[in-house]
1. Which members of region 21-32 meet the condition of being under 19 Å from Thr49 (Cβ atoms) and either touching a strand residue (DSSP E or B) at 6+ places or on another chain (Cβ under 9 Å) or in contact (Cβ under 8 Å) with a residue 12 or more places away in the chain (or both)?
2. Does at least one position in region 35-42 carry a residue that is at pLDDT 90 or above, within 11 Å of Val65 (Cα to Cα), out of contact with any Pro (no Cβ under 8 Å at 6 or more places or on another chain) and aromatic (Phe, Trp, Tyr)?
Amino acid sequence: MLNTVVVANMKCRAMVRNVPEDVATGKRQGYIVARVDRGVMWYYGCYETDVRVATVADELGNGAVLNNITEVEG
């Protein structure tokens, strides 16, 4: 059973470290799970369905779900 509760969808900017190039450039699309460690977000994985991404983020315990990469810093 998922413990995750969706409170709101909101637009925001987030810096996620270690995103693979195919995800960052949009060649692979989907929802991103980022692991949050001491206020820093690290790429954990990219998943195609909202159910799978919610399950992974919940199992991780400190995961954030992101979508729509629009800007990449190089």
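1. The answer is Asp22, Val23, Gly26, Arg28, Gln29, Gly30, Tyr31, Ile32.
2. No, every residue in region 35-42 fails to be at pLDDT 90 or above, within 11 Å of Val65 (Cα to Cα), out of contact with any Pro (no Cβ under 8 Å at 6 or more places or on another chain) and aromatic (Phe, Trp, Tyr).
The values are calculated or read from the model by the stated rules, or taken from the named source; none is laboratory data. Fair warning: this is a prediction, and the values are worked out from it, not measured in the lab. Glycine also receives a Cβ, built like all others from the backbone with ideal geometry; neighbour counts cover every protein chain displayed.
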